[in-house]
Structure formats: structure tokens, C-alpha cells
Amino acid sequence: MLKIATTEPHPFLFLPIAGGYRKVLSDDRSMTTQLERGSGEKPAIKLLYEGWGRAEPDEAMRLGLPDGQLVWLRESELMINSVTLISARSVIPRQLLRGRYRILRSYGTRSLGELLFSSRSIYREHVWFGLEQGVVETVLRCSRFRLGRSALLLTESFSSHAMARLCGERS
């Protein structure tokens with residue numbers, strides 16, 4: 001589970017992100033598009049899980065859902081040359097899977113980011129940044145996207161290799 005600290009006031013933890021990282025992570029293009037432009041190769045999407053599950057307490061809070069509510073989960077990896085650059089987890093409330101967004105239930109290996117950043121009726125309502133300390137420091141981003149009256153949550157974990165590629169594109 002990807003955990004995010006946020007730049008919102010209490011009860012969250014303020015976590016500063018370096019300017020270059022913040023610029024890349026705040027870009028209004030999908031990560032798939034950014035990686036493709038930086039490398040000339042379209043990232044492959046490896047689907048790890050797609051199905052019903054329960055939102056983690058912090059995910060439910062960010063979406064305004066009751067704890068333990070059943071949601072549609074999608075976990076995937078963006079890869080170039082079989083190297084994982086970004087791990088992603090999407091949390092999609094049940095009510096969002098009706099009508100025109102029901103396609104999200106079977107999105108498979110397509111880029112969710114390309115859908116989220118290409119539609120005028122979908123916008124990123126809020127973004128949280130974080131750093132995960134471990135063997136290697138990992139940059140995290142959690143975005144809440146507004147789709148009509150509902151929202152979905154997309155949490156991404158960026159490998160150091162991904163950040164080097166993304167920040168290199170800007171230099």
C-alpha cells in the first residue's frame with residue numbers, strides 16, 4: 001500500500017518536495033506522456049490487479065467515503081524496457097462506475113492517466129506529495145480527480161530512475 005503524507009494542514013504532515021520534483025509532479029500531462037516524450041518509447045502498462053476491494057482508511061478519508069466501503073481497485077506498473085518506473089493504485093468509488101465512466105471497470109492495460117489528463121470534464125482537484133523512506137527514497141504523489149459529482153484517487157510511487165528520466169526531460 002502506498003502511503004502519502006500531504007501538504008494540507010493538520011491532521012496531515014507537511015512534506016516539502018524539491019522544486020524540480022514538484023514541477024514534474026504538477027505537470028498537466030500524464031506520466032505516460034511525459035515518459036514517452038523523455039525516452040521516445042511508449043511505456044508498457046503491467047496490470048497487477050483490477051477488481052473489488054476495500055479502500056485503505058487514508059484513501060477513504062481523501063475520497064470522503066466511509067471506512068471499509070467497497071471500491072474498484074486498479075494496481076499497475078508503468079515500465080520501459082522491463083524496468084518498473086512507476087507503481088500506481090487507483091481507488092474508484094462504486095457510484096463512479098455507472099454511466100459514461102463504467103469503462104473504468106475494465107480499463108486493463110490502457111493508461112488511466114491519459115484518460116484523466118485528456119478529458120475536459122475531468123480535472124485534478126487536489127494533489128499530495130510525499131517521500132517514502134526505505135532502502136531507496138521513493139517519491140509519492142496522490143491525486144484526487146473530479147469526474148462530475150464523484151472523484152477517484154490515483155496514488156503513484158516513482159522510482160529514482162523514473163524521477164531522473166522525468167527531471168532530465170526538463171533540463
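The values are calculated or read from the model by the stated rules, or taken from the named source; none is laboratory data. This is a predicted model, so every value here is computed, not measured. We place every Cβ from the backbone using ideal geometry, glycine too, and count neighbours over all the protein chains shown. Just the protein is used for accessible areas: all its heavy atoms, side chains included, with ligands, DNA and RNA removed. Shrake-Rupley method; radii C 1.70, N 1.55, O 1.52, S 1.80 Å.
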Take the residues in region 25-50 that are of a type in the set (Lys, Arg) and at pLDDT below 75, then tell me which one is least open to solvent (accessible area, probe 1.4 Å). ARG29
What residue, among those in region 72-111 that are surrounded by fewer than 18 Cβ atoms within 10 Å (Cβ to Cβ) and of a type in the set (S, T, N, Q), is nearest to GLU56 (Cα to Cα)? GLN95
So how many residues does region 81-122 have that are more than 13 Å from the chain's Cα centre (by Cα) and either part of a loop (DSSP other than H, G, I, E, B) or within 17 Å of THR155 (Cα to Cα) (or both)? 14
Only one of these conditions is not met by LEU65: (1) open to solvent by 20 Å² or more (accessible area, probe 1.4 Å); (2) over 20 Å from GLY148 (Cβ atoms); (3) in a loop (DSSP other than H, G, I, E, B); (4) modelled with pLDDT of 80 or more. Which number is it? (2)
Residues of region 133-150 being open to solvent by 10 Å² or more (accessible area, probe 1.4 Å), at pLDDT 75 or above and either among the aliphatic types (A, V, I, L, M) or not in a loop (DSSP other than H, G, I, E, B) (or both), which ones? THR138, ARG144, ARG146, SER150
Condition first: assigned to a loop (DSSP other than H, G, I, E, B), in contact with a Ser or Thr (Cβ under 7 Å, 6 or more places away or on another chain) and open to solvent by less than 70 Å² (accessible area, probe 1.4 Å). Can you find one or more residues in region 17-24 that meet it? no
